[in-house]
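Colleague: What follows is a single structure, and I will ask about it in a moment.
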Amino acid sequence: MRKTAIFKNDLFLEHIPDFNHVESPDRLRVIYEQLEQQPLNELFLYPDFGPASQDSLAFNHTPEHIMRVAGTAGKTFSSLDPDTQASPMSYDAACLAAGAVTNGMEMIVNGEADNGFALVRPPGHHAEAERAMGFCLFNNVAVGAHYGLQKLGMERVAIIDWDLHHGNGTQNSFYTSDQVLYLSTHAYPYYPGSGGLMEVGSGAGEGFTVNVPLSGGQDDRAFAAIFKEIIVPVTRQYKPDFIIISAGFDTYFGDPLGTMAVTEQGFACMARQLVDLANEICGGRLLVALEGGYDLRGLRDGALAVLGELSGDPGCPGKVDDETLQAIADSDREVAVIEQVRNIAKRYWSL
C-alpha cells in the first residue's frame, strides 16, 4: 500500500465559522469526523505542517493582495469580493492552506510520503494574483506549482482541475508559461465565465492550457471518457515532474451549486486514472488539494473514495471496488465536447 499523507488542521474550521455561507466549516468537519475513526485514523500519515511563507505566497500573488488579506486578521468580518468574506482567523487559515500544498509537495519529493491530500479551506483556484474571488483568498495550487518550480527543482508541473467551476486564477497564473500544464473540466458558461475552448494559452504558454467546457448533466462515464481520451494522454505527453489535482466535489449529482451527475464512483475513477498516470510518468508524485463541493454527503463520500485510490488499500472505507471502476472506465460513453477539444488540442498534442 502507498504512504498517503493527509494534511488537516482545525484552524481550517475557523475560517468564517459563524457566517451563513455555503463554503462552511461543516464541509471539512464531515470528512474530519470520518478520519478520526478506525481504521482511517491509522491508514494514513497525518504530518505536522506550517503556513506558506510570505515569499512563497509572493511567487503567485502581488504584495498588495497579500497585505489586503493580512489586513483582515482579527477583524470580525471583512468582505474581499461580493461572495468572498473573511473572519478573524481567515488569513491564518489561508496561509496554512497554501502551506499544506507546499509542505505536501516537499514531503512527497523527499520520499516521506508517496502522495497526499490537502483537506483545506479556504479553497484557492479562483484567487487571482491581485485579488480574492469565488470563496478563494490565496491560490493554493498555483502557489504550490510555483514552489515546485522555484524551490524543489522541478521543470514541469501539471495541474488538473475537475471542479465544477473553471479555475480562472490558476489558468491566469500560468497562461504564458510552458512550465505548467493546466487542464480543466468545468461547466460552461457558468461562474466565473472563463474556460472556453479557445483559451489555450499565449506566447510560450500556447497549447499548455486545455479546457473542456461542459454543458451540464455529465455523469461518471462521461468524465471517465474525458479523462481517458483528453486529460491522461495530454498529461502523459507533457511528462510533468509532479501532478497537482484541484479536486472540487461540486460535480456531485446532489450538489446545490451543481449541474453535473457524478457519484463517488466517478471521483474514484478519475482519481485512479491520475494515480496510475503519476506512477507511470513521475514516480507517483501527486497531491490532491480540496476546492469546492457543497453537498456534505457527496463531499464526504467523494473525498473518501479518492483517498481509497491514493492509498490503494482495499480495506480503506469508502474505496470503490475494482469491478465497478473498470466498468465505468470501459463504458466508452460518447461525449460531444471531446471531439471539439481534440480538434483544438491536436494542434499541440498527439490525440
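The values are calculated or read from the model by the stated rules, or taken from the named source; none is laboratory data. All values reported here derive from a predicted model rather than from experimental measurement. Positions of Cβ are backbone-derived with ideal geometry, glycine not excepted, and every protein chain shown enters the neighbour counts.
Colleague: I'm checking my understanding of the structure. Among residues of the range 140-171 that are under 16 Å from GLU128 (Cβ atoms) and without any contact (Cβ under 8 Å) to a residue 60 or more places away in the chain, which one is surrounded by the most Cβ atoms within 10 Å (Cβ to Cβ)?
Modeller: HIS166
Colleague: What number of residues within the range 172-199 satisfy the criterion of being more than 16 Å from ILE230 (Cβ to Cβ) and either of a type outside the set (Ser, Thr, Tyr) or crowded, with 24+ Cβ neighbours inside 10 Å (or both)? Please lay out each step first, then the result.
Modeller: Restricting attention to the range 172-199, the residues satisfying the condition of being more than 16 Å from ILE230 (Cβ to Cβ) are 172-180, 187, 189-194.
Of the ones still in play, those that are also either of a type outside the set (Ser, Thr, Tyr) or crowded, with 24+ Cβ neighbours inside 10 Å (or both) are 172-174, 178-180, 187, 189, 192-193.
Number of matching residues: 10.
Colleague: Against the condition farther than 21 Å from GLY124 by Cβ and in contact (Cβ under 8 Å) with a residue 24 or more places away in the chain, how does GLY298 come out, does it pass? Break it down stepwise before answering.
Modeller: Numbers: farther than 21 Å from GLY124 by Cβ: no; in contact (Cβ under 8 Å) with a residue 24 or more places away in the chain: yes.
The answer is no for GLY298.
Colleague: Could you figure out which of (1) at pLDDT 95 or above; (2) over 18 Å from LEU35 (Cβ atoms); (3) of a type in the set (Gly, Ala, Ser) isn't true of SER311?
Modeller: (2)
Colleague: Quick check: anything in the range 244-263 surrounded by fewer than 24 Cβ atoms within 10 Å (Cβ to Cβ) and within 26 Å of ASN41 (Cα to Cα)?
Modeller: Yes, some residue in the range 244-263 is surrounded by fewer than 24 Cβ atoms within 10 Å (Cβ to Cβ) and within 26 Å of ASN41 (Cα to Cα).
Colleague: Which numbered condition in (1) farther than 30 Å from LEU137 by Cα; (2) buried (at least 24 other Cβ atoms within 10 Å of the Cβ) is the only one that ARG236 fails?
Modeller: Status for ARG236: all satisfied but (2).
Colleague: Quick check on the range 125-147. Is at least one of its residues farther than 19 Å from LEU80 by Cα, of a type in the set (S, T, N, Q), under 16 Å from the mean Cα position of the chain (by Cα) and assigned to a helix (DSSP H, G or I)? Explain how you work it out, then say what you get.
Modeller: Of the residues in the range 125-147, the ones farther than 19 Å from LEU80 by Cα are 141-147.
Checking which are of a type in the set (S, T, N, Q) leaves us with none.
No, the range 125-147 has no match at all.
Colleague: Can you tell me which of VAL200, VAL232, VAL210 is touching a Ser or Thr at 6+ places or on another chain (Cβ under 7 Å), more than 19 Å from GLY148 (Cβ to Cβ) and either among the aliphatic types (A, V, I, L, M) or part of a strand (DSSP E or B) (or both)? Walk me through how you get there before you give the answer.
Modeller: On the way: VAL232 fails: touching a Ser or Thr at 6+ places or on another chain (Cβ under 7 Å); VAL210 fails: touching a Ser or Thr at 6+ places or on another chain (Cβ under 7 Å).
Answer to the selection: VAL200.
Colleague: May I pose another question? Could you please find all residues in the range 34-82 being under 15 Å from ALA5 (Cα atoms) and among the small types (Gly, Ala, Ser)?
Modeller: GLY50
Colleague: In the set GLY284, GLY308, GLY302, which member is assigned to a loop (DSSP other than H, G, I, E, B) and either out of contact with any Pro (no Cβ under 6 Å at 6 or more places or on another chain) or not aromatic (Phe, Trp, Tyr) (or both)? Quick ask: steps written out before the conclusion?
Modeller: Numbers: GLY308 fails: assigned to a loop (DSSP other than H, G, I, E, B); GLY302 fails: assigned to a loop (DSSP other than H, G, I, E, B).
Only one candidate qualifies: GLY284.
Colleague: Same structure, new question: Which ranges mark the helices (runs of 4 or more DSSP H) fully within the range 1-99 that have 2 or more residues being closer than 20 Å to GLY169 by Cβ and not basic (Lys, Arg)?
Modeller: Details: elements: 26-35, 40-43, 54-58, 63-70.
So the answer is 54-58, 63-70.
Colleague: Tell me which of these GLY254 doesn't satisfy, since it passes every other one: (1) in contact with a helix residue (DSSP H, G or I) (Cβ under 8 Å, 6 or more places away or on another chain); (2) of a type outside the set (Ser, Thr, Tyr); (3) within 21 Å of GLY116 (Cα to Cα); (4) not in a strand (DSSP E or B).
Modeller: Unmet condition: (3).
Colleague: Taking the stated definitions as given, is GLU130 surrounded by fewer than 23 Cβ atoms within 10 Å (Cβ to Cβ) and closer than 17 Å to ALA289 by Cβ?
Modeller: On the way: surrounded by fewer than 23 Cβ atoms within 10 Å (Cβ to Cβ): yes; closer than 17 Å to ALA289 by Cβ: no.
So GLU130 does not fit the description; no.
Colleague: For PHE267, are the conditions met, namely being within 27 Å of CYS136 (Cβ to Cβ), out of contact with any Phe, Trp or Tyr (no Cβ under 7 Å at 6 or more places or on another chain) and in a helix (DSSP H, G or I)? Break it down into steps so the answer makes sense when it comes.
Modeller: Numbers: within 27 Å of CYS136 (Cβ to Cβ): yes; out of contact with any Phe, Trp or Tyr (no Cβ under 7 Å at 6 or more places or on another chain): no; in a helix (DSSP H, G or I): yes.
No.
Colleague: Still on this model: Just checking, which of PRO122, PRO47, PRO82 is modelled with pLDDT of 95 or more and either of a type in the set (A, V, I, L, M) or closer than 21 Å to LEU164 by Cβ (or both)? Before the answer, list the steps.
Modeller: Working: PRO47 fails: either of a type in the set (A, V, I, L, M) or closer than 21 Å to LEU164 by Cβ (or both); PRO82 fails: modelled with pLDDT of 95 or more.
Result of the check over PRO122, PRO47, PRO82: PRO122.
Colleague: What number of residues in the range 1-40 are of a type outside the set (A, V, I, L, M), out of contact with any strand residue (DSSP E or B) (no Cβ under 8 Å at 6 or more places or on another chain) and under 20 Å from ILE108 (Cα atoms)?
Modeller: Number satisfying all stated conditions: 2.
Colleague: Out of curiosity, is GLY116 under 26 Å from ILE6 (Cβ atoms) and either within 17 Å of the chain's Cα centre (by Cα) or not in a loop (DSSP other than H, G, I, E, B) (or both)?
Modeller: Working: under 26 Å from ILE6 (Cβ atoms): yes; either within 17 Å of the chain's Cα centre (by Cα) or not in a loop (DSSP other than H, G, I, E, B) (or both): yes.
Criteria met by GLY116.
Colleague: Can you tell me which residue among THR209, THR263, THR235 is within 25 Å of GLU155 (Cα to Cα), of a type in the set (Ser, Thr, Tyr), without any contact (Cβ under 8 Å) to a residue 60 or more places away in the chain and out of contact with any Cys (no Cβ under 8 Å at 6 or more places or on another chain)?
Modeller: Working: THR263 fails: within 25 Å of GLU155 (Cα to Cα); THR235 fails: without any contact (Cβ under 8 Å) to a residue 60 or more places away in the chain.
Answer to the check: THR209.
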